């Protein structure tokens, strides 16, 4: 009897995470940057982070975007460093130097409602959680909710209750809406923020997640406990739904296409889905000059066809940086309806602007992504 071939890649994502370089640059510069007005964003990233652009997105080059990670030279897999040196811990040192005390209330929980484009990752390697936020907001909108109560002797203070799930157990976490901000007359976000100005629900969910993961009793959790994780698990923790994982190397493109489409209605996911890349470039995949980020989690939001070609539609939780290969630059027409299949509408999503949403060719998705998963 022939031996079954062992897949050398992990089926489940392990230690997925990378810092948003745009948020890190703003942190180092101590000011907000209007990236749409920057003539050469790559040059600013290279200059501020002191590394060539093409080396930023792979931990094997000791990029500052992967604090506390290393690539094992024998296994070629990404592993956590047990003890961080001052050099590798430079992000936390930088953050502690600019956090304003006390923390600030930076806006309202919902400006409108939870939307797929809202969550934008900050200077923390928790892309897995921010991608999950976006996927849940897109596919199961009502799972993102504000539950608020008044506190204090005069009932003039408020806290939000954020709900997370763990193997059937419901965990209710209370946090105020004060979050760490940079110092100065024009403070900006350090960690998660919303693409919609004045809205803070992604930041509040992230704060509560840090409080839960770190078993913090107070209102100021250690955010570093969120560095690196599992995006499928993060979706389950936000919804209480069951996890399903798929390994790209073990599936044909046709099977991948079928698995994605069976969780969509009219090209849009109705079950929250995420995808992740390999930990680093290796003999089978090379991320150099692709604008696809190693060890990164993306929201998988649907499928698309154009000129007879099949595409997987994804969103980078940075809110920008899209592949330079095998991407369609047209328009994605998707029927946007709630999960219960009530009244909906056709949404036209342009795939050309640098907003993080892109359609990647199915073959390229299979090659450059290690796997994908969903909850239902």
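Entry remark, the range 113-142: residues being assigned to a helix (DSSP H, G or I) and under 15 Å from residue 293 (Cβ atoms) number 4 in total. Scanning the range 289-304 for residues that are within 25 Å of residue 137 (Cβ to Cβ) and surrounded by fewer than 19 Cβ atoms within 10 Å (Cβ to Cβ) returns a single hit, 291.
Looking at this structure, is residue 65 at pLDDT 80 or above, out of contact with any strand residue (DSSP E or B) (no Cβ under 7 Å at 6 or more places or on another chain) and under 26 Å from residue 132 (Cβ atoms)? Taking the combined requirement at face value, the residue satisfies it.
Selection of the range 47-81 for residues being more than 22 Å from the chain's Cα centre (by Cα), free of Cβ contacts under 8 Å to residues at least 12 places away in the same chain and either more than 14 Å from residue 22 (Cα to Cα) or surrounded by 15 or more Cβ atoms within 10 Å (Cβ to Cβ) (or both) yields 52, 72, 73, 74, 75. Whether any residue in the range 366-376 is in contact with a helix residue (DSSP H, G or I) (Cβ under 7 Å, 6 or more places away or on another chain), loosely packed, with under 15 Cβ neighbours inside 10 Å and not assigned by TED's automatic domain parsing to the domain that holds residue 57 is what I want to check. So far as the range 366-376 goes, no, none of its residues is in contact with a helix residue (DSSP H, G or I) (Cβ under 7 Å, 6 or more places away or on another chain), loosely packed, with under 15 Cβ neighbours inside 10 Å and not assigned by TED's automatic domain parsing to the domain that holds residue 57. Looking only at the range 160-191, filter to residues that are over 22 Å from the mean Cα position of the chain (by Cα), without any contact (Cβ under 8 Å) to a residue 40 or more places away in the chain and under 30 Å from residue 94 (Cβ atoms); which one of those is surrounded by the fewest Cβ atoms within 10 Å (Cβ to Cβ)? It comes out as 185.
Within the range 259-289, the set of residues being under 17 Å from residue 235 (Cα atoms) and not in a strand (DSSP E or B) comprises 260, 263.
Checking each residue in the range 20-43 for being assigned to a helix (DSSP H, G or I), more than 15 Å from residue 355 (Cα to Cα) and in contact with a strand residue (DSSP E or B) (Cβ under 9 Å, 6 or more places away or on another chain) picks out 26, 27.
Check whether at least one residue in the range 9-27 is farther than 21 Å from residue 287 by Cβ and at pLDDT 80 or above, and report yes or no.
Of the residues in the range 9-27, the ones farther than 21 Å from residue 287 by Cβ are 26-27.
Applying the additional criterion that residues be at pLDDT 80 or above yields 26-27.
Yes, that holds for at least one residue.
Evaluate the following for residue 269: is it under 13 Å from the mean Cα position of the chain (by Cα) and either within 28 Å of residue 118 (Cβ to Cβ) or modelled with pLDDT of 95 or more (or both)? Spelling it out, it is not the case that residue 269 is under 13 Å from the mean Cα position of the chain (by Cα) and either within 28 Å of residue 118 (Cβ to Cβ) or modelled with pLDDT of 95 or more (or both).
Condition check for residue 191 on (1) under 22 Å from residue 112 (Cβ atoms); (2) part of a helix (DSSP H, G or I): one failure, at (2). Of all the numbered requirements in (1) in contact with a helix residue (DSSP H, G or I) (Cβ under 7 Å, 6 or more places away or on another chain); (2) in a loop (DSSP other than H, G, I, E, B); (3) modelled with pLDDT of 95 or more, residue 338 misses one, and that requirement is (3).
Residue 347 fulfils the conditions (1) in a strand (DSSP E or B); (2) modelled with pLDDT of 95 or more; (3) surrounded by fewer than 20 Cβ atoms within 10 Å (Cβ to Cβ) except for a single criterion, (2). Residue 374 passes every criterion in (1) under 29 Å from residue 197 (Cα atoms); (2) under 15 Å from the mean Cα position of the chain (by Cα) apart from (1). Summed over the range 111-140, the residues that are within 8 Å of the chain's Cα centre (by Cα) and either surrounded by fewer than 24 Cβ atoms within 10 Å (Cβ to Cβ) or assigned by TED's automatic domain parsing to the domain that holds residue 335 (or both) give a count of 0.
The values are calculated or read from the model by the stated rules, or taken from the named source; none is laboratory data. None of the values given here were measured: they were computed from a predicted structure. Backbone-built Cβ (ideal geometry, glycine too); neighbour counts: all protein chains shown.
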